[in-house]
Amino acid sequence: MAASGETTDSSVRRRRVNKSETDTDTGSDLSPGEADHGADSRLEPDTEKPLLSGSYWLTRIVLLRCVAFIYLVAFCVAYNQNKQLIGEHGLMPCKSYLNNVKRYVGGKIGAAALAYTPTIIWFLDWSDMDTNLDVMALVGMALSLFVLVTGMANMVMMITLWVLYHSLVSVGQLWYSFGWESQLLETGFLAIFLCPLWTLSQVPRRCPPSIICIWTFRWLIVRIMLGAGLIKIRGDKCWRELTCMDYHYETQPVPNPMSYYMHRSPWWFHRFETLSNHFIELIAPFFTFMGRRMCMINGALQILFQVVLILSGNLSFLNWLTIVPSVACFDDASLAFLFCSGGGAKRAVLKIQSEDASGRTIKPTKGMMIRRVVNISLGVLIGFLSVPVVTNLLSSRQVMNTSFDPLRIVNTYGAFGSITKERTEVIFQGTLSPDPKAPEAVWEEYQFYCKPGDVYRRPCFISPYHYRLDWLMWFAAFQTYEQSEWVIHIAGRLLSNDSSVLSLLQHNPFQGPDPPRWVRGEHFIYRFSQPGSSSAAEGKWWIRKRIGAYFPAVDLQGLRGYFQSRNWPHPHIPTQKH
């Protein structure tokens, strides 16, 4: 009986094994989505197996989520600030800009207008431009949030995100003139080709990640870092003398609290920082072409470098965005730790790898063949558009943050080619005094959200968020107001207590019934206080010294001609109460 029992048990076990094998064979016909949601026990043993190198299913999920996160931040910034900057009553209304472009191209909205300013706003109702800007930002936020949360996207969604943001950048004028706008557009364009056309699945079996698309991301991070490194070597001599970091933390556009302490690091540490910067930007990018392991080392170095920059300053979403193409340096095996062992995506990839290893690959369909042609075409397009970029990188007259095509598909980048050695700030001040020259006139200061102003206020930490006006004020401080006429435009708006412009500021000292009679711009040199000094003991983060007037005291009546000559709407002169 015992022997018979063992034989019976063995037969049962054999039948169960055969049943499992049959189920597995049958399961190979299931779509990844069905495999993801089935959660059956037959795949559980596979979850313990390590993923094989050389595939990029999980890499695609991480890349899409990273791109979606940057889009979400960018559209959030647009929703909160566009109306004040380029809206109906903004500082630089996009409607006026589009009308000027329309006149320039012959008065018609056609191919010439689209080539000069590629934006869908051409085809929208201009009677309520603020609503147009808000709807575009909200749709962008909703789509990017969906991709971020689910890790799923298709080409239609990613094209929509790219078109929406491109439309905003194209009409953003000065406020969208930063290099990271083109970098986001290029990154977003490449992300379109990571996805299937219609399907929404984290692991779409019939749309494997293209190695060509992965290499376009790698090529992007190589160009970003080489552009940044070469512009430094060719630019300010302090990069060659290894002294630039002696000034950078104090003089960068928007310092954060860590900048205060990093600035006081020992001289040898600043030299080490500069040498490390040169290594990561000029040497490490070539690791990308030296095999899987060296490519991953470059990816890790670039991500670590960007994290350090994020912690030491507020550079908008630039550093977060630069992390995105670095992710393409890693394959599924190296990113598996980011996914739960029992997660649907990881199980689906394990199943695909198992099928491929056993020779049970799916037969290429017509759609898959078309997709291969599209991927090859992408590689050819990026290669062709990279020619002027590479030429620029090799040129002794290298320019940075420049687009060579109207759609900004392939661009050249760079940052901090020169370092300012002194920090200067423009401080807006207003007074209720009828005579701005009177000794008894009391001048009160406006405070921006993040730009240094009040010496007792701690530097902010806002990255990856971005206050566009604060950033532009940094540029205005080492220019003249004649070069930055929008500064006078702001002064006029402050004189009328304009709510849209005031929403871009943190503190308005004239919140009562009476707006200021006069507004002026004062020019100061700012430097960090010394930790442990008497100034620091008083709570001062900054010490400042007045240089002189940036622009003289102005009133609304005196600005009338100035505004009319530039076709700016003259602010309403409010009734003064006494």
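The values are calculated or read from the model by the stated rules, or taken from the named source; none is laboratory data. Computed from a predicted model, the values in this text were never measured in an experiment. Glycine gets a Cβ as well: all are built from the backbone with ideal geometry, and neighbour counts include every protein chain shown. The accessibility values were calculated without ligands, DNA or RNA, using every heavy atom of the protein model including side chains. Shrake-Rupley method; radii C 1.70, N 1.55, O 1.52, S 1.80 Å.
Run lengths n ≥ 4 of DSSP H only: what is the helix-derived mean residue ellipticity at 222 nm for the chain, with -39500 (n - 2.57) per run over all residues, to the nearest 500?
So the helix-based figure for the chain works out to -16500 deg cm²/dmol.
Report, to one decimal in Å, the Kirkwood hydrodynamic radius for the chain based on all distinct Cα pairs. Don't skip to the end; give the middle numbers.
On the way: mean 1/r = 0.0370 Å⁻¹.
Computed over the chain, the radius equals 27.0 Å.
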Inset, instruction - Set Lys and Arg Cβ to +1 and Asp and Glu Cβ to -1, take the dipole of the chain about its Cα centre, and tell me which of Phe475, Ser53, Ile547 lies farthest positive. - result: Ser53
Inset, instruction - Loop only per DSSP, at most 16 neighbouring Cβ atoms within 10 Å: give me the GluC sites (Glu not before Pro) in segment 424-470, ordered by residue number. - result: Glu440
Legend entry - Distance (nanometres) between label positions extended 7 Å along Cα→Cβ at Ile376 and Asp435: 8.3 nm
Legend entry - Solvent-accessible surface ranking, highest first, for Tyr104, Tyr116, Tyr249 at 1.4 angstrom: Tyr104, Tyr116, Tyr249
Legend entry - Hydrodynamic radius by Kirkwood, which averages 1/r over all alpha carbon pairs of segment 355-397, in angstrom: 13.3 Å
Legend entry - Flagged links, alpha-carbon separation over 18 Å, of Lys421/Lys540; Lys83/Lys108; Lys232/Lys421; Lys49/Lys351; Lys237/Lys421; Lys421/Lys545: Lys421/Lys540; Lys83/Lys108
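If the only charges are +1 at each Lys and Arg Cβ and -1 at each Asp and Glu Cβ, what is the size of the charge dipole of segment 425-578 around the Cα centre, to the nearest 20 debye?
Around 240 debye, computed over segment 425-578.
For segment 364-435, which whole percent of the accessible surface, found with a 1.4 angstrom probe, sits on carbon and sulfur atoms? Don't skip to the end; give the middle numbers.
Values: 2520 of 3650 Å².
The nonpolar share, carbon plus sulfur, comes to 69 percent.
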Legend entry - In nm, spacing of pseudo-spin labels at Glu444 and Trp215 (7 Å Cα→C-beta vector): 6.4 nm
Legend entry - Approximate spin-label separation Arg566-Leu200, in nm, with each point projected 7 Å along Cα-to-Cβ: 4.6 nm
Inset, instruction - Please identify every one of the trypsin sites (Lys or Arg not before Pro) in segment 484-578 that sits in a loop by DSSP and has no more than 12 other beta carbons within 10 Å of its own beta carbon. - result: Arg566, Lys577
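Peptides 372-380, 332-340, 252-260: what's the order by average Cβ count within 10 Å, highest mean first?
Numbers: 372-380: 13.9, 332-340: 16.8, 252-260: 20.7.
In decreasing order of mean packing, 372-380, 332-340, 252-260 become 252-260, 332-340, 372-380.
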Legend entry - Charge-dipole axis of the chain as Lys and Arg at +1 and Asp and Glu at -1 on Cβ define it, positive-most pick from Met225, Leu494, Gly90: Met225
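Going through segment 83-181, which trypsin sites (Lys or Arg not before Pro) have at most 15 other Cβ atoms within 10 Å and a DSSP loop state? It would help to have the intermediate numbers written out before the result.
Values: sites: Lys83, Lys95, Lys102, Arg103, Lys108; in loops: Lys108.
Sites meeting the loop and neighbour criteria: Lys108.
What dipole magnitude, in Debye to the nearest 20, does the chain give about its Cα centre under +1 on Lys/Arg Cβ and -1 on Asp/Glu Cβ? Don't skip to the answer; put the middle values down first.
Working: 54 positive and 45 negative charges, 215 e Å.
Roughly 1040 debye for the chain.
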Inset, instruction - Using every pair of alpha-carbon atoms in segment 508-578, split the distances into 5 Å bins beginning at 0 and state the percent of pairs per bin, rounded to integers. - result: 3, 13, 13, 15, 14, 13, 11, 8, 6, 4, 0
